[in-house]
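The values are calculated or read from the model by the stated rules, or taken from the named source; none is laboratory data. In this text, all values refer to a predicted model and were calculated from it rather than measured experimentally. Neighbour counts run over all protein chains shown; Cβ positions are idealised from the backbone, glycine included. These accessible areas exclude ligands, DNA and RNA; they are computed on the full protein's heavy atoms, side chains included. Shrake-Rupley method; radii C 1.70, N 1.55, O 1.52, S 1.80 Å.
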Amino acid sequence: MRKRAEGMANSLYTYITGDHVDKVVQSAMQAGNTQLAEAYPKWIADQRVQTGVKHYANAMGKWKVGDIDGAIDSLGSAYNSRGYFDDGYSVNILKKNRDANTGNIDTVDVEFVNDRTGEKKSETVGVNDLLKTSSHFLAPPELVKHGMEQIQAQRQAQAELEKKRQERPS
């Protein structure tokens with residue numbers, strides 16, 4: 001099972017860092033989004049991002065072969081990879097809860113820590129929800145889209161501030 005998971009993870013990693021980049025750039029150019037077309041290859045080539053992609057690929061490989069325990073750990077590592085997914089929080093996997101009848105992991109106790117303030121928030125998440133949601137929002141194209149949206153929002157906020165400054169009477 002471990003060898004199959006590693007093989008799947010390596011295939012996904014190779015795809016994400018290779019053909020996938022070309023497809024994202026091509027799609028972005030067709031949509032007229034030159035900013036994304038230029039930013040994505042640079043972002044994915046960053047060593048910190050590569051570490052996050054590796055954890056993400058490992059999680060997907062483990063999930064596909066049924067190593068849910070390992071997939072959860074790898075998703076946590078992807079989330080905590082600085083430079084890959086920077087939302088200002090870190091995650092700790094506190095406990096993987098098992099169904100009494102099947103012995104399978106059914107929920108996970110997670111703790112989100114605000115990296116700036118140290119404030120902690122814990123919650124219990126269903127394993128299927130955790131895997132599906134995390135596998136989507138930790139996917140490289142989603143991350144870069146999110147990053148581009150943040151950059152756009154920052155630029156818009158700066159432009160609005162500048163406009164207000166210029167409108168103020170001296």
Sort the following peptides by mean Cβ neighbour count (other Cβ atoms within 10 Å, averaged over residues), highest first: 57-68, 5-16. 57-68, 5-16
Pick from 51, 107, 34: which residue has the top mean-square fluctuation in a GNM of the chain where Cα pairs under 10 Å get a spring? 34
May I ask which of 64/145; 3/95; 96/120; 23/132; 3/120 have a Cα-Cα span longer than 30 Å here? 3/120
Suppose R0 equals 25 Å. What FRET efficiency, 1/(1 + (r/R0)^6) with r the Cβ-Cβ distance, do residue 132 and residue 31 give to the nearest 0.05? 0.40
For residue 115, distant residues with modelled amide H under 5 Å away: 89, 90
How big, in percent, is the set of alpha carbon pairs in the chain lying more than 24 Å apart? 46
Difference of contour (0.36 nm per residue) and Cα-Cα distance, residue 2 to residue 153: 50.1 nm
Computed magnitude of the charge dipole of region 1-83 (debye, nearest 20; Cβ of K, R +1, Cβ of D, E -1): 180
Residue-normalised accessible area of the chain, given per residue in Å² at a 1.4 Å probe: 63
Top positive-direction residue, dipole computed over the chain with Cβ charges, set 103, 36, 138: 36
Cα-based shape type of region 91-157, given that a ≥ b ≥ c are square roots of the gyration tensor eigenvalues and the cut on a/c is 1.5: oblate
With +1 on each Lys and Arg Cβ and -1 on each Asp and Glu Cβ, and nothing else charged, work out how big the dipole of the chain is about its Cα centre, in Debye to the nearest 20. 220
Nearest-20 debye value, region 55-94 charge dipole, Cβ charges on Lys, Arg, Asp, Glu: 100
On a 0 to 90 degree scale, rounded to 10, what angle separates helix 34-45 from the longest Cα axis of the chain? 40
Any idea what angle helix 47-64 forms with the longest principal axis of the chain, computed on alpha-carbon atoms, 0 to 90 degrees, nearest 10? 40
By how many degrees, 0 to 90 and rounded to 10, does the Cα axis of helix 19-30 deviate from the longest principal axis of the chain? 30
Ignoring ligands, DNA and RNA, what percent of the accessible area of the chain is carbon or sulfur (1.4 Å)? 48
Tell me, what is the percent relative contact order of the chain, built from C-alpha pairs under 8 Å that lie six or more residues apart? 17
The chain, Gaussian network, Cα under 10 Å: of 82, 98, 48, the residue fluctuating most is 98
When Lys and Arg each count +1 and Asp and Glu each count -1, what net charge do the other residues less than 13 Å away from residue 57, Cβ to Cβ, add up to? +2
